[in-house]
Amino acid sequence: MLIAEKLEKTYRRHAVQVRVLNGLDLEVKTGEFLSIVGASGSGKSTLLHLLGTLDAPDGGRVLLDGKRIDNLPARARDELRNRTFGYIFQFYHLLPEFNALDNVLMPAYIHHSTLNWWRSRGQWRRRAEDLLTKVGLSHRLKHRPRELSGGEMQRVAIARALLMNPRVLLADEPTGNLDAESGGDIVRLLRDINREEGVTIVMVTHNTDIVSATDRVVRMVGGVVTADTPAPRLIPMATIVASPPSSPSPRMLAGGGLRILNESRPTGSD
Ligand SMILES: Nc1ncnc2c1ncn2[C@@H]1O[C@H](COP(=O)(O)OP(=O)(O)O)[C@@H](O)[C@H]1O
Ligand SMILES: [Mg+2]
């Protein structure tokens, strides 16, 4: 549904040129949960911005359902950003003076003329409350961002991203500022949204643990895609350590929990 073709992007600052994307090709399929991994500075955020028309490429094209979206006039592009894409960022980008409910309502407020807004406000409000309930925050509707934890702020941001019923969620390191437990909760929430609502999700992360919740992993190095594989499966640690003949080391048993299959095999050096 969403295709990047030979994308090129160079940032220029004074005399210095930084070539970030180098003819990158990528296809995102309808309904999938795709993760993009790569070292810091490999161009992941830049790619996400180009896919979501937040920035324009210097070369190549971005296609949505076969139609070019990288060179749209401002009005059509704004409509696409408001209706088709939902954005989730590492630092939430909530408005500090507004409570959770009003933050979630912001995209609808921006979309409507003043008159239409007052007419349809009640319906939008109910939808925003439903979404905040879905993300587990029905008891935090009137809280401002500074009265919420990081995980809760990200839940508000996810509800806001869903308000206009987008087809594609673009998430840039959504767990990057969270501890492992709330990060895991956020990725499971995204997984549920992907499965239950059929929303296509593209998530940038450099946390290799959380990619196991996604369908496919694309790795970026130096502004191109260097690997494109199904996501590694999570399997219970117990099934690994229970298998004979090698007996589990005390360290393996102490670790417990879930690990990514291909990173958790017992080794002889333990
Ligand atoms: N607006 C900008 N102006 C100049 N350089 C930028 C800008 N945005 C990103 N860069 C540079 O481009 C490179 C890739 O950035 P980015 O896409 O944010 O990487 P990643 O998200 O993978 O860490 C980095 O070296 C960064 O410093
Ligand atoms: Mg980034």
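Here is how the numbers come out for the structure above:
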item: Cα-based equivalent ellipsoid of the chain: semi-axis lengths in Å, sorted from largest, via gyration tensor; result: 34, 27, 16
item: Under-5 Å amide H pairs with Asp58, H placed in peptide plane, nonlocal only; result: Glu8, Lys9, Thr10
item: Net charge of Cβ neighbours under 10 Å - reference Leu24; Lys, Arg +1; Asp, Glu -1; result: -1
item: Under the Karplus curve 6.51 cos²θ - 1.76 cosθ + 1.60, θ = phi - 60°, whole-Hz ³J(HN,Hα) for segment 167-182, x wherever Gly or Pro sits; result: 8, 10, 9, 10, 10, 9, 6, x, 10, x, 10, 10, 5, 4, 5, 5
item: Coordinate range along principal axes, alpha carbons of segment 1-95, Å, largest first; result: 38, 32, 28
item: For the chain, share of DSSP beta bridges that run antiparallel, in % to the nearest 5; result: 60
item: Under 29 Å from the Cα of Lys67 - lysines, other chains or at least 8 residues apart; result: Lys6, Lys9, Lys29, Lys44
item: Rounded to the nearest 20 debye, dipole of the chain from Cβ charges on Lys, Arg, Asp, Glu; result: 600
item: Met203 long-range amide H proximity, modeled H, under 5 Å; result: Leu34, Ser35, Ile36, Ala171
item: Ranked Arg125, Arg75, criterion: other C-beta atoms within 10 Å, fewest first; result: Arg75, Arg125
item: Ellipticity estimate at 222 nm from DSSP helix runs (n ≥ 4, -39,500 (n - 2.57)) divided over the chain, nearest 500; result: -10500 deg cm²/dmol
item: Hits among aspartates and glutamates - C-alpha to C-alpha of Lys134 under 20 Å, sequence gap 8 or more where chains match; result: Asp102, Glu147, Glu152, Glu181, Asp185, Asp192, Glu196, Glu197
item: Cα-based shape type of segment 71-210, given that a ≥ b ≥ c are square roots of the gyration tensor eigenvalues and the cut on a/c is 1.5; result: oblate
item: For Tyr87, distant residues with modelled amide H under 5 Å away; result: Leu170
item: Vicinal HN-Hα couplings computed from phi for segment 107-113 (Karplus, 6.51 cos²θ - 1.76 cosθ + 1.60; Hz; Gly/Pro x); result: x, 6, 4, 5, 5, 9, 5
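Any read-out appearing in this document is the output of simple, stated calculations on the displayed coordinates, not a laboratory observation. In this text, all values refer to a predicted model and were calculated from it rather than measured experimentally. Positions of Cβ are generated from backbone atoms using ideal geometry, with glycine treated the same way; all protein chains shown enter the neighbour counts.
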